[in-house]
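Computed from the coordinates by the stated procedures, all read-outs in this text should not be read as laboratory data. As the structure is a prediction and not an experimental result, all values here were calculated from the model. No Cβ is skipped: glycine too gets one built from the backbone with ideal geometry, and neighbour counts run over all protein chains shown.
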Amino acid sequence: MQFATPESVGISSEWIKEYIEKLEAAGLATHDLIIMRHGKVVFEGYWAPFNKDFLHRMYSVTKSFVSLAIGFLEQDGLINLDDRVAKYFPDETKNLTDDNFKKQTIRDMLMMATAKPTQSWFKARTPDRVRFYFENDGEQSRPSGTIFQYDSTGSFVLGALVERVSGKTLNEYLREKLFDSIDVSKEAYFLTCPGAH
């Protein structure tokens, strides 16, 4: 990784200082801040007890990584964003009766505009989260692509789609396509959930 002064890439050191002061004045639980421009790190700072080697649980930022992996699959011609997602999960979707759900595309899922409201797999304690997603028997349904509703379960299923199409774990695929090239820690990993996804 290359390092540079902020000014050498057109950023004022004073602006960075002001930004950090505003973060601290707001009392935000900031762990770290890294600022890059033109492929060069111009600021790297950590707030105790966090440091460069501290492993964080990332939670919903994982959705961004899943979306990138989907983009790589499309870029490589392995999927089309307008494919119906059921195409990739024939066993899990064989009992689908809802036409809206059957027509749901990868693009709809990326936009969090799915056919069904999400179900809580934490409450259900399901042995397979992907199968549970497609067995959503709730009566409420809408044409996919029409209504935004924040959807962690759909992003999870897209991660499983990456694994199914690439033949690799999500971590292996992203390491190959992205993580190694941007120096993501070799210790980074995704949790394995019920259903081995």
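Numbers for the structure displayed
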{"quantity": "Along the chain, longest interval not containing exposed trypsin sites (Lys or Arg not before Pro), exposed being DSSP loop plus at most 13 other Cβ atoms within 10 Å", "calculated": "126-185"}
{"quantity": "Coarse-grained scattering of the chain at q = 0.13, 0.17 Å⁻¹, given as base-10 log I(q)/I(0) from a Debye sum over alpha-carbon atoms", "calculated": "-0.83, -1.13"}
{"quantity": "For the chain, calculated [θ]222 nm from helices alone, where every DSSP H run of n ≥ 4 adds -39500 (n - 2.57)", "calculated": "-10000 deg cm²/dmol"}
{"quantity": "Radius of gyration and Dmax over the Cα atoms of region 88-193, both given in Å", "calculated": "15.1, 46"}
{"quantity": "DSSP loop GluC sites (Glu not before Pro) with at most 12 other Cβ within 10 Å: longest gap in the chain", "calculated": "1-138"}
{"quantity": "Modelled label reach - T192, point 7 Å along Cα→Cβ, region 119-134 residues with backbone N closer than 15 Å", "calculated": "128-129"}
{"quantity": "Karplus 3J(HN,Hα) series, Hz, for region 168-175 with 6.51 cos²θ - 1.76 cosθ + 1.60 (x for Gly, Pro)", "calculated": "10, 5, 4, 5, 4, 5, 5, 4"}
